[in-house]
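I have placed the structure first, in the form of structure tokens, so that the comments after it can refer back to it.
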Amino acid sequence: KEQETATVKENNLQLSSAEMNLLTEQNILEKLMAEKEEISETLRLFREKIKLSEKLDAKQKEYFEAEKNVFDLSHKYNELNNIFLREQAGILAETLKTGEACPVCGSKEHPNPATRENSNVNEEEVKKAHKEEQKAREFQADLSRETGSLKSSLDNCCELLRCKLKSL
């Protein structure tokens, strides 16, 4: 009986030791699983950062193209408007008579009246060019807001990534 009791005690010790080893291994496994999750999250953030960077680059390129378009359309509108205004001044100048007041400035002397441009630019073309310019400006403003939003998202992602990398 003593030998059986000793064997049971030894078996109990071995079982207890095995249980301790199992608990230790389970703790290690849990830590490894948590680290795996952290690494997976970090990898996800890296991928998101790359995706946001690519989107931001594309949006910035689109913005700069829109900016050039606004510049071109603004130049076109200003040219058409100036031609139209000079044409209108020439038409008005044709009605001036020496000794009679100018309808614009009130002067009775007209030493250097404007001459007509004889262009085909009409008020409708000027208005159309102005609308095109305004529409392009609105589009550029929309792109600016979208670019700013993407930049903010990218900055937030980078900050989260920095924090994750510090914790690893």
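The values are calculated or read from the model by the stated rules, or taken from the named source; none is laboratory data. Because the structure is predicted, anything quoted here is derived from the model rather than measured. Note that each Cβ is placed from the backbone with ideal geometry, even for glycine, and that neighbours are counted across all protein chains shown. Side chains are part of the model used for accessible areas, which takes the heavy atoms of the whole protein and leaves out ligands, DNA and RNA. Shrake-Rupley method; radii C 1.70, N 1.55, O 1.52, S 1.80 Å.
Below, the figures for the structure above:
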quantity: Condition check for K135: basic (K, R) and within 30 Å of K31 (Cβ to Cβ); calculated: no
quantity: Where a residue in the stretch 84-113 is within 27 Å of V126 (Cβ to Cβ) and in contact (Cβ under 8 Å) with a residue 40 or more places away in the chain and its partner, wherever it lies, is of a type outside the set (K, R) and surrounded by 15 or more Cβ atoms within 10 Å (Cβ to Cβ), with Cβ under 8 Å and at least six apart; calculated: F84/V121; F84/E125; F84/V126
quantity: Selected residue (criterion: modelled with the highest pLDDT) from residues of the stretch 100-114 that are surrounded by fewer than 16 Cβ atoms within 10 Å (Cβ to Cβ) and hydrophobic (A, V, I, L, M, F, W, C); calculated: A101
quantity: Answer residue from the stretch 115-166, given it is farther than 30 Å from L56 by Cβ, without any contact (Cβ under 8 Å) to a residue 12 or more places away in the chain and not polar (S, T, N, Q) and is least open to solvent (accessible area, probe 1.4 Å) among those; calculated: K127
